[in-house]
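To keep things clear, I will list the structure first and then write my remarks on it.
The values are calculated or read from the model by the stated rules, or taken from the named source; none is laboratory data. Note that this is a predicted model, so its numbers are computed, not measured. Here the Cβ is made from the backbone with ideal geometry for all residues, glycine too, and neighbour counts use every protein chain on show.
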Amino acid sequence: MHTISLSEIRHIEYEEEGLGEYRWTHPQNISGYDLSHARTLAAQRDLGGTAGADSSEDDFEDTPDTLITDYLARCLELRNSYIKTGTTIPDQLAVTPLQYIDALLYLITALGSSYACHILGATHFHDDTFLTPRDAKPLLERLKSALRTSEDKRAWALIRDLALEIFHLGYPWTSAAPRFNDVLTKEENQFLQDLLRASPSSN
């Protein structure tokens, strides 16, 4: 289990200009910040930066959820670069779709990060070399579990949007059937269709 601090991530991202050593790390194993404060900053950013007189713009540009998200996104970019060149992916970057969704769901539920949902959810999950049909069912189960246990309407809405994005339902997708519908059961396909018609208030 790899651990890293937020200050180390900041050093890699900024002082080393992205040239430092990247290792995939579950966000729960990243230390050096207050979880409650990070969640408050993420929510305030989404509301337009109503943080109060003691806050600056930097509070929203360099928040824990954005730093962690950008770091993990860079890990995935490096992973893909190995694939494109036909070289072996090093162990520290050998992330699976399920590890990826677990990290993303943590950022959404624990840190309330819409930034993670939009940055991580809208990129690598569309890559068919990363997310394959065999991953569809277990990944959907992770999403369903997160939706069932979510007690926060904002997080529930983000997870819903993420599920629809991954399975290509709703705008801007034009297909009437979910992505991977041929490997999902009738009930699983129906769940996604019902999710498309649902709203946070129905949570």
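Residue pairs whose Cβ atoms lie under 9 Å apart, separated by 6 or more positions or on different chains, with the first residue in the range 36-53 and within 15 Å of Leu111 (Cβ to Cβ) and the second small (Gly, Ala, Ser) and at pLDDT below 90, are Thr40/Ala51; Leu41/Ala51; Leu41/Ser55; Gln44/Ala51; Gln44/Gly52; Gln44/Ser55; Arg45/Ala51.
On the basis of being modelled with pLDDT of 90 or more, surrounded by 12 or more Cβ atoms within 10 Å (Cβ to Cβ), under 19 Å from Gly112 (Cβ atoms) and out of contact with any strand residue (DSSP E or B) (no Cβ under 9 Å at 6 or more places or on another chain), does Pro64 make the cut? No.
Exactly one residue out of Phe125, Phe130 is on the phi < 0 side of the Ramachandran plot and not in a helix (DSSP H, G or I), and it is Phe130.
Among residues of the range 72-95 that are of a type outside the set (Ser, Thr, Tyr) and in a loop (DSSP other than H, G, I, E, B), those with a Cβ under 6 angstrom from a residue that is exposed (fewer than 15 other Cβ atoms within 10 Å of the Cβ) and modelled with pLDDT under 95, sequence gap 6+ or separate chain, pair up as Ile89/Tyr82.
Of all residues in the range 107-137, those that are of a type outside the set (Val, Ile, Thr) and buried (at least 18 other Cβ atoms within 10 Å of the Cβ) total 16. You will find that of Lys153, Lys186, the residue that is surrounded by fewer than 18 Cβ atoms within 10 Å (Cβ to Cβ), among the charged types (D, E, K, R) and at pLDDT 95 or above is Lys186 and no other. Among residues of the range 127-154 that are touching a residue at least 12 places away in the same chain (Cβ under 8 Å), those with a beta-carbon under 9 Å from a residue that is exposed (fewer than 12 other Cβ atoms within 10 Å of the Cβ) and part of a helix (DSSP H, G or I) at least six positions away or on a different chain give the pairs Lys153/Ser201.
For the subset of the range 1-43 comprising residues that are of a type outside the set (A, V, I, L, M) and assigned to a strand (DSSP E or B), which member is farthest from Arg154 (Cα to Cα)? Break it down stepwise before answering.
At the first step, the residues of the range 1-43 found to be of a type outside the set (A, V, I, L, M) are 2-3, 5, 7-8, 10-11, 13-18, 20-29, 31-34, 36-37, 39-40.
Then drop every residue that is not assigned to a strand (DSSP E or B), which leaves 5, 31.
Details: Ser5: 27, Ser31: 24 Å.
Here the answer is Ser5.
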